[in-house]
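Novice: Pasting a structure here, questions to come.
The values are calculated or read from the model by the stated rules, or taken from the named source; none is laboratory data. Since the model is a prediction, treat every value here as computed from it, not as a measurement. Note that each Cβ is placed from the backbone with ideal geometry, even for glycine, and that neighbours are counted across all protein chains shown. Calculation scope for accessible area: heavy atoms of the full protein, side chains included, ligands and nucleic acids excluded. Shrake-Rupley method; radii C 1.70, N 1.55, O 1.52, S 1.80 Å.
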Number of protein chains: 4
Amino acid sequence: MARARIRDLGISIGYMPTGQHNAITDVPGVLVGHTTVVHDEPRVARTGVTMIIPRDGAIADDRAFAGYHSFNGNGEMTGVLWIEESGMLGSAIGITNTHQVGVVRDALVAQAVEKGHRGWFLPVVAETYDGFLNDIGAFHVTQDHVFQAIASAKSGPVEEGNVGGGTGMTCHEFKGGIGTSSRIAETDTGQYVVGALVQANYGTRRLLRVDGVPVGREIGPEHTPTPWQSSSGQGSIIVIVATNAPLIPAQCKRLAQRATVGLARVGGVGHNGSGDIFLAFATGNHLLSDPNTLHDLKMLPHEQMDSIFEAAAEAVEESILNALTAAETTIGLQGHTAHALPLDELKRVMAKYKPST
Amino acid sequence: MARARIRDLGISIGYMPTGQHNAITDVPGVLVGHTTVVHDEPRVARTGVTMIIPRDGAIADDRAFAGYHSFNGNGEMTGVLWIEESGMLGSAIGITNTHQVGVVRDALVAQAVEKGHRGWFLPVVAETYDGFLNDIGAFHVTQDHVFQAIASAKSGPVEEGNVGGGTGMTCHEFKGGIGTSSRIAETDTGQYVVGALVQANYGTRRLLRVDGVPVGREIGPEHTPTPWQSSSGQGSIIVIVATNAPLIPAQCKRLAQRATVGLARVGGVGHNGSGDIFLAFATGNHLLSDPNTLHDLKMLPHEQMDSIFEAAAEAVEESILNALTAAETTIGLQGHTAHALPLDELKRVMAKYKPST
Amino acid sequence: MARARIRDLGISIGYMPTGQHNAITDVPGVLVGHTTVVHDEPRVARTGVTMIIPRDGAIADDRAFAGYHSFNGNGEMTGVLWIEESGMLGSAIGITNTHQVGVVRDALVAQAVEKGHRGWFLPVVAETYDGFLNDIGAFHVTQDHVFQAIASAKSGPVEEGNVGGGTGMTCHEFKGGIGTSSRIAETDTGQYVVGALVQANYGTRRLLRVDGVPVGREIGPEHTPTPWQSSSGQGSIIVIVATNAPLIPAQCKRLAQRATVGLARVGGVGHNGSGDIFLAFATGNHLLSDPNTLHDLKMLPHEQMDSIFEAAAEAVEESILNALTAAETTIGLQGHTAHALPLDELKRVMAKYKPST
Amino acid sequence: MARARIRDLGISIGYMPTGQHNAITDVPGVLVGHTTVVHDEPRVARTGVTMIIPRDGAIADDRAFAGYHSFNGNGEMTGVLWIEESGMLGSAIGITNTHQVGVVRDALVAQAVEKGHRGWFLPVVAETYDGFLNDIGAFHVTQDHVFQAIASAKSGPVEEGNVGGGTGMTCHEFKGGIGTSSRIAETDTGQYVVGALVQANYGTRRLLRVDGVPVGREIGPEHTPTPWQSSSGQGSIIVIVATNAPLIPAQCKRLAQRATVGLARVGGVGHNGSGDIFLAFATGNHLLSDPNTLHDLKMLPHEQMDSIFEAAAEAVEESILNALTAAETTIGLQGHTAHALPLDELKRVMAKYKPST
C-alpha cells in the first residue's frame, strides 16, 4: 500500500479545519527545505537536514517573536538562551542529527556572513539521534547540505517521512521522520493559521495511539518487528510551531508548551532519553533590526488564545501521525531495519475500534 | 447508579499495577485530610480544604525533595519560589478555593508557630476556582477548617469527588473535585510507589476522553446539561504527585511535568483561564533540619526514571477520572448546577467503542 | 544627627539624574501607602504593610506588563505564576512580614470582590521576616491594616525607613526597612522614568559598601553593635521596579533581574536564608480587561534597553541606601535592638575614602 | 610595566584565602588548556579556544552535577537543556568565538566517537564575540585546534589574558580575555575549593570598579583610548565556576547565579548585547554512567552554602580583574586596537582612593 497522509486514510484528528496544504507552510512566508543524504559507501548514510525558513528568508532583518519549551531536555537546540531573553527569532531553523548540530549551526552563521550580516548571530539548530540507521560517527552532513536545503526551501506541500533531518529517524518503534500539519483557528479578532512541523524519533510501540485508539498495542512485533529487541524509550522529538497570529514572546512560549498535548495524545511521555524540545514563533509582529523608533505591535489578548492552543495541539498530533504514515521501511547501518507503520494494519485496527451504532 | 471509582466500572487505565488503595496514601507516610464546607445559609457554601501531609506530619523537620511545574500558570501555589531554589518541601500542602489561599497559608504558619517552629516558614497552598457553585466572595474557609483537615488526615482510602477543596469544582463540564490513584513502578534498583491526587476543575466537555474514547463528544448537553451556556475552558487543575523513590529535586521537577501527560490524555490542553500547576515530592531522601553534617542521599539514576514517569502519567490520568466518577451532581449558588458524569452513560459509550474481535 | 536620604549626605550614586521625588512614585500613576503597626502591649508589634499601587488604583482593569526574578527564592511572592505565564500585573502589590502574606493577599481579594470584580484574582504579595524585632507569632497585621495602606496611598514623596512593611526590618546588621529612588533614562526614542522601592532586610555588616566604600568594615560592632552575636546572612530583600517605558513582559523580566546589580553593589550576595525576589512592571502599555480587539502595543527595542537597565541598577542601589539612612534605631521583641546606621560615622568613613587630589 | 595578576599589584579582593594557584585548577581534577590562533595572513586571526576539563578528562563516564544561569542570554552555550533537565555535566567545556561554537561542539562529539563513546553526546560550548580584533568571518578555529587545547590541558597555573578563547576579547573597553581565581571556603562540614574561570569580553569603561574604586572613571580615553568611538555595552562574559563540594544540581544553579555578584562588583550590568552566561559544576559527587544501582550522594546542606556563595562571588570578581591585568594591548583586524589596562595607572588610582588614616 502506498504511503499516505493520515487524513488520506480517512482518519481525521481533532475538530479544526486545516490550512490549504495542511502544512507549516500554510503560515504565510514559512518555507521548508530538505537535504536528504542517503548512500551506503564508503559509510552508511541515512541522514540529512531540514530547514524551516520564516519570512521568505528575511528573518534576520525582520525578526519574529518566539518562545521555546523543553518537555524533556535530553537534546540540543542552539539559540534558546537568546530566544528566552529577548523573545525574538532572528534566524532560519535547522534540524539534523545529533552529532552535527555544530556544522549546521556554523553553516547558518557562514551564510549570514556571506550575506553581509554584521555582528554576532545566534541561529537555532536542533537535532534527534539517527545512530540506529545512520553511521552517525561518519559525520555525513556538510555545510553544502545546509546551503542546498536553504536553496530548495519553498512554500506549498512539504515532503514528509524519510526526508531531510528525518531520514534516519524512528518513532514509536516504527519508521519515523518529518511530518507536518496545520489548523485554522478562529478567534474574536479574526482567523489565524497555526502550523507544525516535527522531526519524530521518539517513543515506544505499546503507547502509540491514533485518535485515541491503541494502535501500538494492536500491531505487535510478531506482525511488524520493532527495531530493537526490548522496548525502548530512546529518541527525541523536535517540534516547530508557527503562526501568523500577533503573539508576544510569552504567548509563543505558552504555545510551544502546547506541543506537549499533541505529543501526549499520540503516546509520548517524555522518556529520560528523549530530547523533546519545542519552539513556537509568530509572524504577526515585525521586529525590524537597527530600530530607532519604538516597535509597533499588536497582541492577541490572552483571553483569545484557546483556539490557538487547541490548533497547536491538533497540528502537532497530526504532524507526528503524518511522519509515521509517510515514512517508509528503511534498512541502514549494519542491516538495522526500521519498519514503516503498515497502513493496511492501521486501517484494520481503526476499523476494529470504530464505534458501533 | 451509585458513584464509583473508574476501575470499579471495568475501565482500567494504563499498564501498571496500582498500590494497595490506588491512592496517594499508598506512598508511605502520606496522609490526606479534608474539611468540606457545605451549607445554604446565610450564604451558599460549596467549598473546603484538602491537606496532603507527607512524613506522617513530620515534614518540617524531615524535609523531602520536591519540584513543581506550571503547565498553565493562571493560578496560585504559594511556596514555589523556595521549592525552585532549594528543591525541598518543608510543609504540608493545602488545596482550597482561589479566594482563600491566604487564610489556609497563614493557618499553616500559625500551626507551625504553635508547635514551636522558629524562623520563617513558607507553606505550599494551591487553589482552583469554585465561584460557579460556591459563593466564593463569602470567604467561607477559616483557619479552623484547616486545622480540622489536618487533624482528620489519615492514611488508607481517600474520599474523592465532592470533598475538601474539591467540593465545588467542575471538570470537563461535569461535576469534578478530588481524585487520587497510584502505581507501582519497577526499576532496575527496585520497586517504588507513585501516587497522585488532583483537584480537578478544568476542561471542556467535547475534549473529554476516557482511555482514548471520546466520551465528552458522546454525552452531549442534550443528555447531561453543561453547567454554562457556551462551552468554556475556565477552571484549573492542581496535581500533587508523591513517590517514595529516592529522587533529587531535578527529578521531582521532571516528574511534576509528567502530570501534563495524564492531563492531556483525559483532554486537558491548558486553556488560558486554567491554573494547571503540578507539584511532585519524593520521600526517599531525608533532609533533616539544622544539619551539621552532610546529608546522605540516594539517587535513582535518571536512566531508570521511565517507569516512574509512566507511573505518574497513569496515576494522574486515573485520578482525574476518579474525580469525575466519584463526584455527585451539585446545585449551588443561584441554583447553578454541575451534573455528575452519568456512569451508565459512560459505560454505554465505553461499550460502543469496544473493539470488535 | 537627624535621619536623611543618602543624597542629602552629599553621597550620590551612579551617573543618572533622579526623578522629581527620587522615588518610585515618579513613575506616573504609581502610589505608595504604608500602615505601620507599632505597640508593646499585649504583644510587641514592630511590623506593618506597604502597598505599591500602579495606575492610580485602576490596575485590575488596565493591566500592565510585568516580570519577576528570583535571585534567591527563600521567600514568598504570591501571584508570580500568572505573571510568568501572562506577563501581566493585575493587582496592587503588598509587602509585609513573612507570617502574614496570607491575610494581605486575601484582603486584596476581598477588596476586589467588594469593588465588584468577578472571577478569580491573583494578587501579588511579598514579605521579609521581622521576627527579630516583631513578635511575629502574634500575627498583628489585619485586613483593615491593608485597607488603610491602600486608602493612604499617594503620589509624591514616600516615607522611608521604619514604616509599613519595613517597620521591623534589619539590613546589613543595621536597622533597615523601606527605601526608594528613581532615575530618568534617556533612550533614542525618548526619556523614561525608572523607579524602585525596596523592603530591605538582608545582609551582613562586613559586606556593606556605599558607592564602593567598605562602610561595613569600617563601622564595627564595637562602635555600633550588630543585632545578633555572630554575623549572619539571614533576611531578605523585596525589590519592586516600575517604569513608564513601553516594555513587553520579557523586558520586564530582564529589568527585574537588574535589581541584582544594585543589590550586589551594596553588598548582597544572595545568602541562603535570604528571599531576594524582584518584580518589575512597565506602565507604558495598557492591557484592558475583557478585550474584544487586539491590544495595540509599543515596544522599546531591546537595543535601547541599556539605559533602562542602568537606571534600575542605580535606583535599587540608592533605594537600599535610603532605607539604611532613613531607618531609626529600634528596640523590639525581648529588648532586641537594631541600631541605625550612624550618619556621622558614615560621613566620616566616606571622607576617609575620598580620593586625594 | 610587565603584566601581572591583580593580587601581585597589592590589590586583594574579598575576605577569603585563595587556593594554591589561585585558579580554577585548584579544584582537584580540573584541567585547563588553550589553543591561541594569531596570525595576520591570509586573514587576521586573533582568536582561539579554551577547554576546561573536569575529572582529569574522565567526565563522560564519571559525570558531575552542574547548573547554569543566564544573566543576559545574548549568547550561546550549547548543552544547557540537558544540564537543566538532568543536572549533570558529561563533557569537557569549550569556550571560543561566537561564530565557531559549532566546530568546537562537533569536535568534542568527534573526539567522543573516536574514544568509543556510544549514543548521543551533548557537549557544552560557549562563546563571546571577538569580531573587533579578529576577522571572525574567516572561521579560523578548526577541529584540530580543539584537539590541541584538550591535549595541552593541565592542572596548576593557568595562562591568562590574550590566550585561547580570550585572545581577541575586550573588557570594560580595555583588552580582556581569560582570567581565573579560586577561594577556599570553610563550612561546618569542612573546607572546599571554589574556582572560577572567565572569558571576559563585556562592559563599558566608565563602570569599571576595582575593589570598589571607580577605576574606569579615572582612566579616561584621553589617557588610554577606548576601542570604540562611543562608549558601548557590547560584548559578553562566560563564567565557569567549579567546586569540589558535594552539591546537588539545584545548588550548582544557585552557585552559577552568584557569578552575577562578582560581575556586578566589577561593573557589569548585563547590557542588552552581552551574553552573560554562567555554568557551575561540583565534583563532590560521582554519577557513573550505565548505573544499575542507586547513586550514593552527599549533599552540603543549603544552610552551609553561604561561604560557597561568597567564594564564588570573590573568585569571579578576581578572575575578571586578572583577565584585565594579564591581557596585553592588541592590534587586530583593520588596525583596530584594544589597549591593555595600564597597570601603573591602576596603581596610581588605587593609591589615590586609599583611605586616609
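Novice: Can you tell me how many residues in segment D:283-293 are in contact with a helix residue (DSSP H, G or I) (Cβ under 9 Å, 6 or more places away or on another chain), within 8 Å of another protein chain (Cβ to nearest Cβ) and surrounded by fewer than 20 Cβ atoms within 10 Å (Cβ to Cβ)?
Specialist: Number satisfying all stated conditions: 3.
Novice: Continuing with the same structure: Can you pull out the residues in segment C:148-183 that are closer than 9 Å to C:ALA327 by Cα and acidic (Asp, Glu)?
Specialist: Matches in segment C:148-183: C:GLU160 only.
Novice: Filter segment C:185-201 for residues that are over 18 Å from the mean Cα position of the chain (by Cα) and touching a residue at least 12 places away in the same chain (Cβ under 8 Å); which is nearest to A:LEU294 (Cα to Cα)?
Specialist: C:THR189
Novice: While we're here: Got at least one residue in segment C:93-110 being among the polar types (S, T, N, Q), at the interface with chain B (Cβ under 8 Å from one of its Cβ atoms) and either touching a strand residue (DSSP E or B) at 6+ places or on another chain (Cβ under 7 Å) or under 28 Å from C:GLY268 (Cα atoms) (or both)?
Specialist: Yes - at least one qualifying residue is present in segment C:93-110.
Novice: Tell me which residues, restricted to segment B:51-68, are open to solvent by less than 10 Å² (accessible area, probe 1.4 Å) and not β-branched (Val, Ile, Thr).
Specialist: B:MET51, B:PRO54, B:ALA64, B:PHE65, B:ALA66, B:GLY67, listed by residue number.
Novice: Return the total of residues in segment C:296-325 being within 7 Å of chain A (Cβ to nearest Cβ) and either hydrophobic (A, V, I, L, M, F, W, C) or open to solvent by less than 10 Å² (accessible area, probe 1.4 Å) (or both).
Specialist: Total meeting the criteria: 5.
Novice: For segment A:141-150, indicate whether the set of residues that are within 12 Å of chain D (Cβ to nearest Cβ), buried (at least 24 other Cβ atoms within 10 Å of the Cβ), touching a residue at least 24 places away in the same chain (Cβ under 8 Å) and out of contact with any Pro (no Cβ under 8 Å at 6 or more places or on another chain) is non-empty.
Specialist: Yes - at least one qualifying residue is present in segment A:141-150.
Novice: Let me ask you something else. Any chance you could count how many residues in segment C:170-191 are in contact with a strand residue (DSSP E or B) (Cβ under 8 Å, 6 or more places away or on another chain) and surrounded by fewer than 24 Cβ atoms within 10 Å (Cβ to Cβ)?
Specialist: 2
Novice: Out of segment B:126-135, which residues are facing another protein chain (nearest Cβ under 8 Å) and within 29 Å of B:GLY90 (Cα to Cα)?
Specialist: Matches in segment B:126-135: B:TYR129 only.
Novice: For a quick check of your reading of the model, give me the residue pairs whose first member lies in segment B:239-251 and is under 24 Å from D:LEU247 (Cα atoms) and open to solvent by 10 Å² or more (accessible area, probe 1.4 Å), whose second is in a loop (DSSP other than H, G, I, E, B) and among the β-branched types (Val, Ile, Thr), with beta-carbon atoms closer than 6 Å and at least 6 apart or on different chains.
Specialist: B:ASN244/B:VAL27
Novice: Restricting to segment B:95-123, count the residues that are touching a residue at least 60 places away in the same chain (Cβ under 8 Å), closer than 17 Å to B:ILE238 by Cβ and of a type outside the set (Ser, Thr, Tyr).
Specialist: 2
Novice: One residue is enough: does segment A:31-40 have a residue meeting the conditions on the phi > 0 side of the Ramachandran plot and open to solvent by less than 70 Å² (accessible area, probe 1.4 Å)?
Specialist: The answer is no, given that none of the residues of segment A:31-40 is on the phi > 0 side of the Ramachandran plot and open to solvent by less than 70 Å² (accessible area, probe 1.4 Å).
Novice: If you don't mind, there's one more thing I want to ask. Which residue is nearest to the other protein chains (Cβ to nearest Cβ), if the candidates are limited to segment D:69-92 and must be among the small types (Gly, Ala, Ser) and open to solvent by 10 Å² or more (accessible area, probe 1.4 Å)?
Specialist: Taking the candidates together, the pick is D:SER70.
Novice: Determine whether segment C:200-214 contains at least one residue that is among the polar types (S, T, N, Q), out of contact with any strand residue (DSSP E or B) (no Cβ under 9 Å at 6 or more places or on another chain) and open to solvent by 20 Å² or more (accessible area, probe 1.4 Å).
Specialist: No: zero hits.
Novice: Does A:ASN272 satisfy being within 24 Å of the chain's Cα centre (by Cα), within 30 Å of A:ALA2 (Cα to Cα) and modelled with pLDDT of 95 or more?
Specialist: Working: within 24 Å of the chain's Cα centre (by Cα): yes; within 30 Å of A:ALA2 (Cα to Cα): no; modelled with pLDDT of 95 or more: yes.
Criteria not met by A:ASN272.
Novice: More than 9 Å from chain D (Cβ to nearest Cβ), within 14 Å of the chain's Cα centre (by Cα) and of a type in the set (Val, Ile, Thr): which single residue out of C:VAL239, C:VAL266, C:VAL215 fits that description?
Specialist: Exactly one of C:VAL239, C:VAL266, C:VAL215 is more than 9 Å from chain D (Cβ to nearest Cβ), within 14 Å of the chain's Cα centre (by Cα) and of a type in the set (Val, Ile, Thr), namely C:VAL239.
Novice: If you go through segment A:327-350 one residue at a time, do you hit one that is facing another protein chain (nearest Cβ under 9 Å) and surrounded by fewer than 24 Cβ atoms within 10 Å (Cβ to Cβ)?
Specialist: Within segment A:327-350 (the criterion being facing another protein chain (nearest Cβ under 9 Å) and surrounded by fewer than 24 Cβ atoms within 10 Å (Cβ to Cβ)), the answer is yes, since at least one residue qualifies.
Novice: How many residues are part of a loop (DSSP other than H, G, I, E, B) and open to solvent by 10 Å² or more (accessible area, probe 1.4 Å) if we restrict to segment A:94-139?
Specialist: Our first condition is that a residue be part of a loop (DSSP other than H, G, I, E, B); within segment A:94-139, this holds for A:115-123, A:129-135, A:139.
Still in the list and also open to solvent by 10 Å² or more (accessible area, probe 1.4 Å): A:115-122, A:129, A:131-132, A:135, A:139.
So the answer is 13.
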